[in-house]
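This report refers to the structure that appears directly beneath it.
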Amino acid sequence: MGVFSALTTAVSGMQAQSYALENISGNIANSRTAGFKRVDTTFADLVPDSALNRQIAGSVAAFSQATNSIQGDLNATRIETNAAINGDGFFVVDQRLNGVGSNMQFANSNLYTRRGDFDFDANGYLVNGAGYYLKGLKIDTVTGSLIGTQPEVLRITKEQFPAKATSSIEYRANIPAVPGTTNASNGGSHLLDGASVTAAVAPAVYDTVQGANITNFLSSTIPGGSVTVYDSLGKATSVELRWGKTTNAAPAVPADPTAVPPIAGSPATADTWSLFVAQDTSATGTATAYVKAPTAVTFDATGQMVNPGTGNITLPEMMIAGTMISTAANPINLTVGSNGLTQNGDVSGQIDARSIRQDGYTAGTLDRTSVSADGQVIGTFSNGQVVALAQLSVARFNADNALKRLDGGAFEETIESGPPIIGLGTSQLIGGNVEQSNTDIADEFSKMIVTQQAYSANTKVITTAQEMLRDVFSIIR
C-alpha cells in the first residue's frame with residue numbers, strides 16, 4: 001500500500017501548492033489595490049494513526065493566513081476626504097441596498113475596511129472606491145456634542161451655516177498714561193472736558209456726544225480701533241472705539257488732627273477713562289454722534305486695571321447704520337480679562353491695540369471638508385468658520401486576523417474575532433492619504449518560485465510511483 005499512499009500524498013501536495021499559488025496570484029493581482037491585505041498560506045501535516053515505529057510523514061493540507069494587522073504604506077493623494085489609519089483599526093462602513101438620493105436604503109449592518117479612499121458622491125455621502133459608505137456620528141455644530149450613540153451612514157450636505165450675532169469682543173490694548181490728544185498737542189489739557197463735548201451742564205455727566213461737538217470731542221480723545229460686528233441675521237456693522245481720560249490719579253491726603261478745626265484727609269483717586277462708541281460720525285446739531293459705555297475704567301499706580309473687576313465692559317445700547325447693537329436683552333461685552341487692558345507709559349500717546357476680535361459671523365456655505373487626526377470631519381465655511389461636522393467611527397478587534405473577508409476589501413465580524421471596540425485608541429487618522437496594499441511583490445515572487453519547485457517535486461513523486469507500479473506489473477509477465 002506504500003506506493004498507492006505515496007500517490008495520494010503527492011496529490012495532496014500538488015493541491016496544497018496549487019492553493020498556495022492561488023493566494024500568491026491573488027496577492028500579486030491586488031498589489032495596487034488600496035487597503036488590500038495579502039493572504040499567506042500555511043501548511044499542516046496530516047498523519048494517520050499507526051504504531052509508534054510505523055508512523056509515516058503523512059500528507060499535507062493548506063490553509064489561509066490573514067495579514068489584516070499588517071499595515072501597508074501610506075500614499076498621499078491630496079484629496080482631503082481620503083483618510084488612512086496609522087495603527088490598528090478599521091473604518092466602519094455599510095452597503096447600499098437600493099434607492100437613490102435621500103431615499104437611499106442601506107443594509108444597516110456594520111462592515112469594516114482599511115480602504116480609506118472616501119469621497120463625496122452626488123448626494124453628500126462619503127463612499128470609497130469599492131462602493132462602501134462611511135459611517136460615524138454627527139456632531140452638533142452649535143454645542144459640539146455627538147448626536148446619538150450608534151454609527152450611521154454619514155451624509156454631509158452643503159446647507160447654509162447660520163449667522164451668529166456678536167456677543168463678545170476680545171480687546172487687548174495698552175492705554176497711554178498721558179493720551180496724545182490734539183488738545184494736549186496744542187498746549188491744552190489731555191483730559192476730556194465733558195462740558196465742551198456734550199450738551200450737558202454738569203461736566204461729570206456726558207453720556208452722549210452731539211454732532212455739533214464732534215470736533216471738540218475728537219480733539220479730546222484718542223482712537224481705540226474698530227471692529228466689525230454682526231447682528232442675528234448676519235448683517236455686518238463697523239464699530240469705532242475712542243477713549244477719553246477723565247481723571248488723573250491723585251495721592252491720598254492724610255488727615256491733620258492738629259489743625260483748628262481738624263482737617264479731614266482725602267482718599268487717593270485713580271486714573272479714570274471712558275470708552276465711547278461711534279453711532280453716527282456724520283451727525284450734526286443735536287443728533288447723537290458717540291455714546292459712552294456705562295462703565296468707567298480705572299487703573300492703579302502700576303498700570304493695572306482696577307475697574308471693572310469682572311473684566312467686561314458692556315457696550316452701550318445703540319443703533320448704528322440701521323442695525324441695533326448691544327441691546328439690553330443681548331448686550332455686547334468688551335472682554336479685556338484681568339490683564340488685557342493696561343495703562344503704561346507710551347511716548348506716542350496713542351493706544352496700542354494688540355488684539356480686537358469678535359465672536360459673530362455672517363451666514364456661510366460649506367467650502368471644503370477634511371479629516372483630522374482624531375477622526376473628525378472638519379468643515380470650512382465661506383464665512384471663515386471651521387466646525388467639526390462628524391466623528392468617524394473606527395473599530396478595533398482583539399483578533400483582527402479572524403475577520404471574514406468580503407469583496408472590495410471589506411470584512412465582517414466573526415465569533416473568533418470578537419466584538420468591535422469602537423474608538424481610535426492609540427491610532428491616528430492621516431487625512432489626504434490612502435493606505436496601499438501590504439503585498440510585497442519581491443516576496444511574492446520568491447514564494448512563487450518555492451511553490452513551483454514544490455509542485456514539480458510532487459509531480460516527480462507521482463512519476464516515480466508510476467514507474468514502480470510498472471515494475472510490479474512486469475514481474476507478472
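Taking the options 116, 131, 144, name whichever one is at pLDDT 90 or above and at positive phi. I'd like the intermediate steps shown before the answer.
Numbers: 116 fails: at positive phi; 144 fails: at pLDDT 90 or above.
None of the others qualify; the one that does is 131.
Would you confirm, using the coordinates I've provided, whether residue 183 is of a type outside the set (A, V, I, L, M, F, W, C), out of contact with any strand residue (DSSP E or B) (no Cβ under 7 Å at 6 or more places or on another chain) and either closer than 27 Å to residue 364 by Cα or touching a residue at least 12 places away in the same chain (Cβ under 8 Å) (or both)? Walk me through it before giving the result.
On the way: of a type outside the set (A, V, I, L, M, F, W, C): yes; out of contact with any strand residue (DSSP E or B) (no Cβ under 7 Å at 6 or more places or on another chain): yes; either closer than 27 Å to residue 364 by Cα or touching a residue at least 12 places away in the same chain (Cβ under 8 Å) (or both): yes.
Criteria met by residue 183.
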Looking at region 219-268, which of its residues are hydroxyl-bearing (Ser, Thr, Tyr), more than 30 Å from residue 322 (Cβ to Cβ) and either outside any strand (DSSP E or B) or at pLDDT 65 or above (or both)? 246, 247, 258
In the list 127, 209, 153, which residue meets the criterion of being hydrophobic (A, V, I, L, M, F, W, C) and more than 30 Å from residue 30 (Cα to Cα)? 209
What strands (runs of 3 or more DSSP E) lie completely within region 5-90 and have 2 or more residues being surrounded by fewer than 19 Cβ atoms within 10 Å (Cβ to Cβ)? 39-46, 59-66, 74-76
Considering (1) touching a strand residue (DSSP E or B) at 6+ places or on another chain (Cβ under 6 Å); (2) at pLDDT 75 or above, say which one residue 216 fails and leave the rest. (1)
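Looking only at residues in region 44-62 that are farther than 26 Å from residue 454 by Cα and of a type in the set (Gly, Ala, Ser), which one is modelled with the lowest pLDDT? Give the derivation first.
Start the filter on region 44-62 by keeping residues that are farther than 26 Å from residue 454 by Cα, which leaves 50-53.
Within this subset, residues satisfying the condition of being of a type in the set (Gly, Ala, Ser) are 50-51.
Details: 50: 75, 51: 79.
Ranking the qualifying residues of region 44-62, first place goes to 50.
Taking region 271-330 as the search range and keeping residues that are acidic (Asp, Glu) and not in a strand (DSSP E or B), which one is modelled with the highest pLDDT?
First, the residues of region 271-330 that are acidic (Asp, Glu): 271, 280, 300, 317.
With the extra rule that they be not in a strand (DSSP E or B), the set shrinks to 280, 300, 317.
Working: 280: 89, 300: 86, 317: 82.
Checked region 271-330; the qualifying residue modelled with the highest pLDDT is 280.
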Under 30 Å from residue 117 (Cβ atoms) and either in contact with a Phe, Trp or Tyr (Cβ under 8 Å, 6 or more places away or on another chain) or polar (S, T, N, Q) (or both): which single residue out of 375, 364, 340 fits that description? 364
Consider region 382-426. How many of its residues are touching a residue at least 24 places away in the same chain (Cβ under 8 Å) and either closer than 17 Å to residue 135 by Cβ or crowded, with 20+ Cβ neighbours inside 10 Å (or both)? 24
Condition (residue is at pLDDT below 95, of a type in the set (A, V, I, L, M), in contact with a Ser or Thr (Cβ under 6 Å, 6 or more places away or on another chain) and within 26 Å of residue 149 (Cβ to Cβ)) applied to region 424-440: is it met by at least one residue? no
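Residues checked against (1) closer than 19 Å to residue 391 by Cβ; (2) touching an Asp or Glu at 6+ places or on another chain (Cβ under 7 Å):
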| site | (1), (2) |
| --- | --- |
| 90 | yes, no |
| 96 | no, no |
| 106 | yes, yes |
| 118 | yes, no |
| 121 | no, no |
| 131 | no, no |
Starting from region 340-359, take each residue that is within 19 Å of residue 181 (Cβ to Cβ) and in a strand (DSSP E or B) and list its partners that are among the acidic types (Asp, Glu) and modelled with pLDDT under 90, counting only C-beta distances under 7 angstrom and pairs at least six apart or across chains. 343/271; 352/346
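One line per residue, one yes/no per condition, for (1) over 23 Å from residue 73 (Cα atoms); (2) of a type in the set (Val, Ile, Thr):
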position: 113; (1), (2): no, yes
position: 120; (1), (2): yes, no
position: 129; (1), (2): no, no
position: 140; (1), (2): yes, no
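Yes/no per residue for (1) of a type in the set (Lys, Arg); (2) within 49 Å of the chain's Cα centre (by Cα); (3) farther than 30 Å from residue 385 by Cα:
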{"position": "140", "(1), (2), (3)": "no, yes, no"}
{"position": "144", "(1), (2), (3)": "no, yes, no"}
{"position": "149", "(1), (2), (3)": "no, yes, no"}
{"position": "166", "(1), (2), (3)": "no, yes, no"}
{"position": "181", "(1), (2), (3)": "no, yes, yes"}
{"position": "187", "(1), (2), (3)": "no, no, yes"}
{"position": "216", "(1), (2), (3)": "no, no, yes"}
Kindly indicate whether any position in region 66-82 is at pLDDT below 95, more than 25 Å from residue 412 (Cβ to Cβ) and touching a Ser or Thr at 6+ places or on another chain (Cβ under 6 Å). yes
When you check residue 50 against the structure, is it assigned by TED's automatic domain parsing to the domain that holds residue 455 and over 26 Å from residue 447 (Cβ atoms), yes or no? yes
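Kindly evaluate residue 437 against the criterion of being surrounded by 16 or more Cβ atoms within 10 Å (Cβ to Cβ) and more than 17 Å from the chain's Cα centre (by Cα). Spell out the reasoning first.
On the way: surrounded by 16 or more Cβ atoms within 10 Å (Cβ to Cβ): yes; more than 17 Å from the chain's Cα centre (by Cα): yes.
Judged against the criteria, residue 437 is a match.
The values are calculated or read from the model by the stated rules, or taken from the named source; none is laboratory data. These numbers were taken from a predicted model, which means no experiment stands behind them. Cβ sites come from the backbone with ideal geometry, for glycine too, and all protein chains shown count toward neighbours.
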